[in-house]
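Throughout, read-outs are computed from the coordinates displayed, never taken from laboratory work. Not measured: the values here are computed from a predicted model. Positions of Cβ are generated from backbone atoms using ideal geometry, with glycine treated the same way; all protein chains shown enter the neighbour counts.
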Amino acid sequence: MSTPTRFVMIGGFLGAGKTTLIGQLARRLQAAGKHVCVVTNDQAAGLVDTELLRSQGLDVNEVAGSCFCCNFHGLTDAMDAFDANHRPDVILAEPVGSCTDLVATIAIPMMEQLGEKFVHSPYAVVLKPSHGLKILTGSGKGGFSEKAEYIFRKQLEESELIVINRIDELTKEQLDLLRSSIEDQYPGRPVICLSAKTGENLDELEIALAGTAAQRQTMMDVDYDVYADGEAELGWLNATATLRSDQPLAIDDTVLRLVDSLRERLLELDAEPAHLKVLCSSGSAVAVANLVSSDTPTMLSVASESHGQALTLIINARVCLDPQSLQSAVTAATEQLATDLAATVSVESIESFRPGRPVPTYRAGT
């Protein structure tokens, strides 16, 4: 019998930095001689994460149209598809950031149905510090509702390992407060503090993920009514557009301008972003800018240092705002960007909606 593939699922709220972390882990595992594949997940097609990871040379399959838990066989089919080319040693899976209850709906059913094919790493949840400080210390919610907080807390509750990411953006006092709050409220779980951006402490996480998931005797209680309402508070938008100019445009500056413009529009609407991510590319040059909350600045997470006359924009926005208003804000921002850059913009696709009620394919214990 062949050696089982290691299955590593990395959860966490929207904007926690899961994709950057997965990219870093994949490169480290590849350097150790492992064949690594990635499965991404979204409620709709046109995901920035998928294109970003592919641009880094990774083998990526995307499960679009529903979350992993509601499309269990979509996930397993995506993993089976890797075997047709080169059976992976490791599969890194990134679920939708507004999902929880993934141990009961993904990990346990996989173990029961496909136990010989996979060995499961401890389930790691990446903490988003900007929201973690607000929620866990009670220092103001900043537009983060009680129902969205419910999802955030349930993600931490079901974790086997909690990862505090973005420590390069935190003071020592903030990090100490966040860690002590986690240890008080979610005792018994290892806490790893790292920066996916700089690579600090990634060795510690890699060692932890080389372990084996613990046996679960009982499943976490989840109120699916509150869970569904929390997800439905977010407007969800995926769009793809092309920006054309007679003169070369700076890719990094363009993507920052667009996210900054959207940030200002969302502030005017008092709409809290759970995550706003835009990828801008021309040929093989790729840049990505992110906005993870209303009180943090726009970040250029991937720089291209390149120019182009035809730029592809992939826009993913998850915001506490109705979908129609969100689509209007994104459309206005892209049109303003084109005007400011003396360019033209054409929108190839745009989809905005609220996520439907989660209905898992399987759930252990029910």
Report task. Within the set of other residues whose C-beta is less than 12 Å from the C-beta of residue 65, count the net charge using Lys and Arg as +1 and Asp and Glu as -1. Result -> -3
Report summary line: With the label point 7 Å along the Cα-to-beta-carbon line of residue 269 and a cut-off under 18 Å to each amide N, the hits in the stretch 303-340 are 314-338
Report task. Write down the Kirkwood hydrodynamic radius of the stretch 260-315, to one decimal in angstroms, obtained as one divided by the mean of 1/r over all alpha carbon pairs. Result -> 12.1
**Report entry** Alpha carbon Rg of the stretch 233-353, scaled by the compact-globule rule 2.2 N^0.38 Å
**Finding:** 0.97
Query raised in the report: Tell me, what are the semi-axes, in whole angstrom and largest first, of the equivalent ellipsoid of the chain as set by the roots of 5 times the Cα gyration tensor eigenvalues?
Result: 31, 24, 20
**Report entry** Ranked 116, 272, criterion: other C-beta atoms within 10 Å, fewest first
**Finding:** 116, 272
Query - Local net charge near residue 2, Cβ-Cβ under 11 Å (Lys/Arg +1, Asp/Glu -1) - result: -1
**Report entry** Mean-position separation - Cα centroids, the stretch 37-82 and the stretch 215-269, in angstrom
**Finding:** 17
Report summary line: Candidate span helices, the chain: DSSP H, at least 15 Å along axis from Cα coords, Kyte-Doolittle average at least -1.0, result 18-31, 72-83, 251-268, 323-340
**Report entry** Positive-end extreme of charge dipole, the chain - chosen from 130, 349, 93 (charges on Cβ)
**Finding:** 93
**Report entry** Approximate spin-label separation residue 173-residue 210, in nm, with each point projected 7 Å along Cα-to-Cβ
**Finding:** 3.9
Query - Residues with amide H under 5 Å from that of residue 45, placed H, sequence gap 5 or more - result: 65
Query - Net charge of Cβ neighbours under 14 Å - reference residue 364; Lys, Arg +1; Asp, Glu -1 - result: -2
Query raised in the report: Which of the lysines could be linked to residue 154 by a straight reach, that is with a Cα gap under 28 Å, when you skip same-chain ones fewer than 8 residues away?
Result: 18, 128, 134, 141, 172, 197, 277
Report task. Among DSSP beta bridges whose residues both lie in the chain, state the antiparallel percentage, nearest 5. Result -> 60
Requested in this report: Evaluate the charge dipole of the chain about its Cα centre and quote only its size in Debye, nearest 20, assuming +1 on the Cβ of each Lys and Arg and -1 on the Cβ of each Asp and Glu.
Outcome: 480
Query - the stretch 5-231: relative contact order as a whole-number percent, Cα under 8 Å and 6+ apart - result: 26
